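Remarks on the structure that follows.
The values are calculated or read from the model by the stated rules, or taken from the named source; none is laboratory data. Bear in mind that the values here come from a model prediction, so they are computed numbers and not experimental data. Heads up, the Cβs are rebuilt from the backbone with ideal geometry, glycines too, and the neighbour counts pull from every protein chain shown. When the accessible area is computed, the model is the full protein with side chains, heavy atoms only, and any ligands, DNA or RNA have been set aside. Shrake-Rupley method; radii C 1.70, N 1.55, O 1.52, S 1.80 Å.
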Amino acid sequence: MSDDKLVLDLLDKATVRKRARMVAIGGIMVALAFGAIVGLIGGRWPGVIAGAIVSVPVILLAMSEARRTVWLAGTTVYVRAFGTRKVDLAVADGLDLLVTDLRGARTVGLFVRGGKKAINIALSMYAGTGGRELGVYQLRRLADALAARGDTPGLVFSELLVAQLRAEARGMAAAERPLYRLGSLAPAGRMAQKLHPDAVSKFVTSLD
């Protein structure tokens with residue numbers, strides 16, 4: 001497998017920065033409102049401090065999201081925001097399918113853990129019957145890296161990504177593709193949840 005750096009970002013930088021700005025603006029508005037309430041009760045400086053306590057973490061989160069980029073080199077996945085973390089898929093301690101549901105968009109990701117580090121690789125994002133998915137080459141490289149593990153979890157996730165590639169090659173609609181169908185199994189109303197490994201394995205086994 002080539003060690004060339006392969007970017008795994010699901011969304012383009014312009015979209016990511018726009019989403020980060022919206023998060024920051026929303027956080028600032030909440031902080032101003034909270035600070036004003038505290039200020040009315042406790043005075044000016046308590047209000048300013050309360051507003052800062054609320055706004056600073058949200059702004060840092062938005063900045064981190066705007067800077068975040070994920071890439072694959074060999075079998076190792078890297079993510080960079082303020083710092084850089086990495087997990088080698090070949091020896092990762094855990095593989096899970098993570099489904100996040102936020103503002104009407106459901107994201108299906110591969111959550112990998114290793115060496116006390118964790119990285120979520122967004123594979124697809126759906127809203128309604130459409131959405132975005134990682135490209136063919138990215139999915140193929142991830143599938144190869146997972147298959148190289150030689151264990152059951154690696155083979156299950158590798159086969160899932162291969163099935164996704166087959167569905168795209170056949171021109172199947174987004175709602176008929178494995179990642180969409182698997183993401184739909186997660187109950188609504190929870191921002192983030194991992195699908196049980198047995199459910200993922202059973203689903204993959206049922207695919208043509």
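Identify the residue in region 163-208 that is open to solvent by 60 Å² or more (accessible area, probe 1.4 Å), in a loop (DSSP other than H, G, I, E, B) and among the hydrophobic types (A, V, I, L, M, F, W, C) and, among all such residues, is modelled with the highest pLDDT.
So, considering only residues that are open to solvent by 60 Å² or more (accessible area, probe 1.4 Å), in a loop (DSSP other than H, G, I, E, B) and among the hydrophobic types (A, V, I, L, M, F, W, C), the one modelled with the highest pLDDT is 185.
For residue 100, work out the one condition from (1) touching a Leu at 6+ places or on another chain (Cβ under 6 Å); (2) closer than 30 Å to residue 187 by Cβ; (3) in contact (Cβ under 8 Å) with a residue 24 or more places away in the chain; (4) not in a helix (DSSP H, G or I) it doesn't fulfil.
Answer for residue 100: the failing condition is (1).
Could you grab me the full set of residues in region 138-162 that are in a helix (DSSP H, G or I), surrounded by fewer than 19 Cβ atoms within 10 Å (Cβ to Cβ) and touching a residue at least 24 places away in the same chain (Cβ under 8 Å)?
140, 144, 152, 153, 159
Search region 103-124 for residues being open to solvent by 30 Å² or more (accessible area, probe 1.4 Å) and in a strand (DSSP E or B), and hand back the single one that is farthest from residue 79 (Cα to Cα).
So the first thing to find is which residues in region 103-124 are open to solvent by 30 Å² or more (accessible area, probe 1.4 Å), and the list is 103-104, 106, 111, 113, 115-118, 120.
Still in the running and in a strand (DSSP E or B): 106, 111, 113, 117-118, 120.
Values: 106: 21, 111: 12, 113: 13, 117: 11, 118: 10, 120: 9 Å.
Ranking the candidates gives 106 first.
Whether any residue in region 27-36 is open to solvent by less than 80 Å² (accessible area, probe 1.4 Å), outside the structural domain of residue 133 (by the TED database) and at pLDDT 80 or above is what I want to check.
Applying the first criterion (open to solvent by less than 80 Å² (accessible area, probe 1.4 Å)) to region 27-36 yields 27-28, 31, 33, 35-36.
Narrowing the set further to residues that are outside the structural domain of residue 133 (by the TED database) leaves 27-28, 31, 33, 35-36.
Cutting the leftovers down to at pLDDT 80 or above gives us 33, 36.
Yes, region 27-36 contains at least one residue that is open to solvent by less than 80 Å² (accessible area, probe 1.4 Å), outside the structural domain of residue 133 (by the TED database) and at pLDDT 80 or above.
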